[in-house]
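Notes follow the structure.
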Amino acid sequence: MRYDLNLLPIFVALMEERSVTRAADRIGMTQPALSNALARLRAMFQDQLFVRERYGIQPTPIALELSPVIAEALAKLDDAVLGQQGFDPANAERLFTIAPNGYVEFVLVPALVAKLQAVAPGISLRMISYGNDLGETGVVSGSTALVLGRIVDPPDSLVVQHLMDEGLACVVRADHPLVGDSITREQFEQLRHVNIVPLGRMRAGLFQALAQQQVKREVAVSVTNFFAVAEIVAMTDYCATLPKLICRQLAHNTRLKILAAPVDLGTFPVEVAWHVRYRHDPAHRWLRSLIIDITAALRNGEL
């Protein structure tokens, strides 16, 4: 039986987007053209494949059965074709969309941008915020190159790689009237605190760590970004508990001083994830390798 291989990526897009409109936008087709392709898919597989519901489309049992088989077949084709292609970062002109959480955007992205300017000036980056929902970043559908942060419950379509484990430290203003070169548990509990409420899961991790150590913390103010924390702490007698790499950058601010946490607050993982279809893409592999190298340099204090 002869069949059109061009229809298979359309099937995958419909399966992942669950919307004819979004699938058409992703592939770069008009909606009527994609609807026509769906009709040919239905004829080829002799099944409705997708049924329209109030909020988009839902796959039929046969579509669900076909989905992993088609995705694997396309991934193998990508591996075979892309594995033969080269990538020259110095001369490449390309836009990558990446989704870092707030921590990664503060710590790693500036170093990544500086490295790209030096070795691949034609490559541009577009950032999408990453909170708790991987689907909102576009990485699950493949429209986003990769997501950076803490990856929880990833779908089978994503490859996840561990980058590092990060710890926590405290920051207060340099001339704090109550805190010297170290902070005790009693001082920590007596002070009022600036709380960071990022979109991701680090907030829950810190609260859990404090609860496990039975440490009390009175929150005076909650903010949504690390830049605001530093300014508030520098102008008040408040304390903040932040990732160590962020504290290391803040140590250059003479208005602040960095102190070891009074108890062991553990660590949290920093990970990178990407769609399986980019597993062997030379450009994507190069970008991931660059990020891994930059992370290692940051962890070792080389940046």
_Under 19 Å from Lys257, Cα to Cα: lysines that are on another chain or at least 8 residues apart_ = Lys244
*Once the Cα gyration tensor of the stretch 168-303 is diagonalised, what are the square roots of 5 times its eigenvalues, in whole Å and ordered largest first, as equivalent ellipsoid semi-axes?*
32, 17, 13
*When Rg is the radius of gyration of the Cα atoms in the stretch 18-103 and Rh is its Kirkwood radius, what does Rg/Rh come to?*
1.07
*Euclidean distance of C-alpha centroids, the stretch 95-132 and the stretch 19-66, integer Å*: 34
*asked:* Could you report the chain's accessible area per residue, 1.4 Å probe, as an integer in Å²?
replied: 52
*Ordering Tyr3, Tyr130, Tyr55, Tyr278 by how much accessible area each has at a 1.4 Å probe, largest first, what is the list?*
Tyr55, Tyr3, Tyr278, Tyr130
_Among Ala114, Ala228, Cys247 the positive-end extreme of the charge dipole of the stretch 109-268 (Cβ point charges)_ = Ala114
*With Cβ to Cβ distances under 15 Å as the rule, what net charge do the other residues near Asn253 carry (K, R +1; D, E -1)?*
+2
*Extension gain from Ala228 to Thr267, taking 0.36 nm per residue of separation minus the Cα-Cα distance*: 11.8 nm
*Work out how far the C-alpha atoms of the stretch 119-215 reach from end to end along every principal axis, then list the three figures in whole Å, largest first.*
51, 35, 20
*asked:* I need the semi-axes of the equivalent ellipsoid of the chain: take the C-alpha gyration tensor, multiply each eigenvalue by 5, square-root it, list largest first in whole angstrom.
replied: 46, 22, 15
*Across bins of 5 angstrom width beginning at 0, how are the C-alpha pair distances of the stretch 94-172 distributed, in whole percent?*
3, 13, 23, 23, 19, 11, 6, 2, 0
_At 1.4 Å probe size, what's the solvent-accessible area of Glu65? Round to the nearest 10 Å²._
130
*Report the label-to-label distance for Val119 and Asn132 in nanometres (one decimal), using points 7 Å from each Cα along the Cα→Cβ vector.*
3.7
*Do the sum for the chain: with -39,500 (n - 2.57) for every DSSP H run of n ≥ 4, divided by all residues, what is the mean residue ellipticity at 222 nm, to the nearest 500 deg cm²/dmol?*
-12500 deg cm²/dmol
*Interchain or long-range residues, amide H under 5 Å from Ser222's placed H*: Asn195
*Whole-percent carbon and sulfur share, accessible surface of the chain, 1.4 Å*: 50
*May I ask you to evaluate 6.51 cos²θ - 1.76 cosθ + 1.60, the Karplus curve with θ = phi - 60°, for each residue of the stretch 289-303 and list the ³J(HN,Hα) values in order in whole Hz, giving x for glycine and proline?*
4, 4, 5, 4, 5, 5, 4, 5, 5, 5, 5, 8, x, 8, 10
*Stretched out fully, how many nm does the piece from Glu302 to Gln213 gain, at 0.36 nm a residue minus the Cα gap?*
28.8 nm
*In square nanometres, what is one fourth of the surface area of the convex hull spanned by the alpha carbons of the stretch 219-261?*
3.0
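The values are calculated or read from the model by the stated rules, or taken from the named source; none is laboratory data. From a predicted model like this one, the values you see are computed outputs, not experimental measurements. Using ideal geometry, Cβ is built from the backbone for each residue, glycine included, and neighbour counts are taken over all protein chains shown. Just the protein is used for accessible areas: all its heavy atoms, side chains included, with ligands, DNA and RNA removed. Shrake-Rupley method; radii C 1.70, N 1.55, O 1.52, S 1.80 Å.
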